[in-house]
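Reviewing the structure listed below.
The values are calculated or read from the model by the stated rules, or taken from the named source; none is laboratory data. All figures in this text were calculated on a predicted structure; none of them were measured in a lab. No Cβ is skipped: glycine too gets one built from the backbone with ideal geometry, and neighbour counts run over all protein chains shown.
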Amino acid sequence: MRLKEHLYNIAWIFIAHIIGMLLVTHAVLPLQSLAAPNIGTFAALIFPIHGIRVIAAWMFGWWSVPYLFAANVLLALFYAVIAMETPYLEFTAERLMSWSLVSIVAVVAIDLFKASGMKIGKGLASISEDTWKQLLFVGFVSSVLNSVGQSLIFAGKIISGEELNVMIGYLIGDTLGTFLCFVGLLFLFRGYRWLTQ
């Protein structure tokens, strides 16, 4: 793959991250802070960016790892420029470990499914109802990996007694976010087909 293609892939993942994060910061977190204030620092209860990770891992395989990591770094830089008061996007050792983890969990989950014999179609031509169901399952399993890993990475910052709630928050947020992301993509694909007929 040429450098231009890699940069293009990083760009679309970064743009998707911005859209997802704007939705999280301006809609999900304000509502969540009313219902579950202790979780909001660590996990959004609807986090569509996890769906973007799953789609990237499905489309690009292991290349998705550097793409997703680069998109996370660019997102942090973007927020550092426009919103200095966003502490959860600071460049700390914990954040770098967190970004590394989220960049790898979906492709690891896909490889685990492939090793177990499950065939996941690849590419837009192979999309079927089974593909979406399989990718939702990948999203759930990678969310389990993510929630355990994030809880370990941020163990020192989580309020004592809230560890399980934070893990459940990650699991719910990633799973609901993946579902929301996929529903959005389904509507986009249907709209595109309708416009091109």
Select from the range 127-145 the residues that are modelled with pLDDT of 90 or more and among the small types (Gly, Ala, Ser) and list them in ascending order.
GLY139, SER142, SER143
Count - residues of the range 78-93 that are at pLDDT 75 or above and in a helix (DSSP H, G or I):
6
Just checking, how many residues over the range 6-48 are farther than 21 Å from LEU185 by Cβ and either at pLDDT 90 or above or of a type in the set (Phe, Trp, Tyr) (or both)?
3
Got at least one residue in the range 94-105 being in a helix (DSSP H, G or I), at pLDDT below 80 and not polar (S, T, N, Q)?
no
Of GLY149, GLY121, GLY117, GLY161, which residue is outside any helix (DSSP H, G or I), in contact with a helix residue (DSSP H, G or I) (Cβ under 6 Å, 6 or more places away or on another chain) and either more than 21 Å from ILE18 (Cβ to Cβ) or modelled with pLDDT of 85 or more (or both)?
GLY121
